[in-house]
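One structure below.
The values are calculated or read from the model by the stated rules, or taken from the named source; none is laboratory data. All values derive from a computational prediction rather than experimental measurement. Here the Cβ positions follow ideal geometry from the backbone for every residue, glycine too, while neighbour counts run over all protein chains shown.
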Amino acid sequence: MHVWVDPVEVNKLALDDKEINSCETSLVVRERVMKARERQQRRFVKNKGMYTNAQMGNKQVKIYCKLSEEVKQFLKAAATKYDLSARAYFKVIKVARTIADLEGVQDIMSNHIAEAVQYRENVW
């Protein structure tokens, strides 16, 4: 996974307390991550030795990452546009599953797929 982070603009370094409080804090992010990890542990309770989405093989992806027809079509279009290999295709689904977990939602949606595709190095 590759994420480009722009340098922080100087004017953002001097935010006032009201502006800082409107941002998501590290504590809030930590809580979301902990809840997402709990979801994953519950999901894989029957699979000994598997605790996270990243550990899924293709067989588990097909079991635990059911996609609606709309989302399948979106993923298929992205896979074609960005010439994703089979391996990359399944990695995108696993990352999308994690994004959905971080949002606290059951179903993987097109926006989760789109975000996961953006993390692929070769789409830039």
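Brief remarks follow.
- In the stretch 79-94, the residue that is nearest to residue 111 (Cα to Cα) out of those that are part of a helix (DSSP H, G or I) and among the charged types (D, E, K, R) is 94.
- Selection status of residue 70, loosely packed, with under 11 Cβ neighbours inside 10 Å, at pLDDT 95 or above and either within 16 Å of the chain's Cα centre (by Cα) or not in a loop (DSSP other than H, G, I, E, B) (or both): yes
- Within the stretch 49-67, restricting attention to residues that are of a type outside the set (Ser, Thr, Tyr) and in a loop (DSSP other than H, G, I, E, B), the residue that is surrounded by the fewest Cβ atoms within 10 Å (Cβ to Cβ) is 49.
- Of the residues making up the stretch 100-119, those that are surrounded by 15 or more Cβ atoms within 10 Å (Cβ to Cβ) and among the aliphatic types (A, V, I, L, M) are 100, 102, 108, 109, 113, 114, 116, 117.
- The residues of the stretch 73-97 that are buried (at least 16 other Cβ atoms within 10 Å of the Cβ) and over 18 Å from residue 121 (Cα atoms), listed by number, are 74, 97.
- Filtered residues of the stretch 105-124 (kept if assigned to a loop (DSSP other than H, G, I, E, B) and closer than 20 Å to residue 62 by Cα): 105, 106, 107, 108, 109
- Hits in the stretch 90-106 - residues which are under 10 Å from the mean Cα position of the chain (by Cα) and under 17 Å from residue 28 (Cβ atoms): 99, 101, 102, 103
- Just one residue in the set 46, 76, 12 is assigned to a loop (DSSP other than H, G, I, E, B) and either modelled with pLDDT of 95 or more or over 17 Å from the mean Cα position of the chain (by Cα) (or both); that residue is 46.
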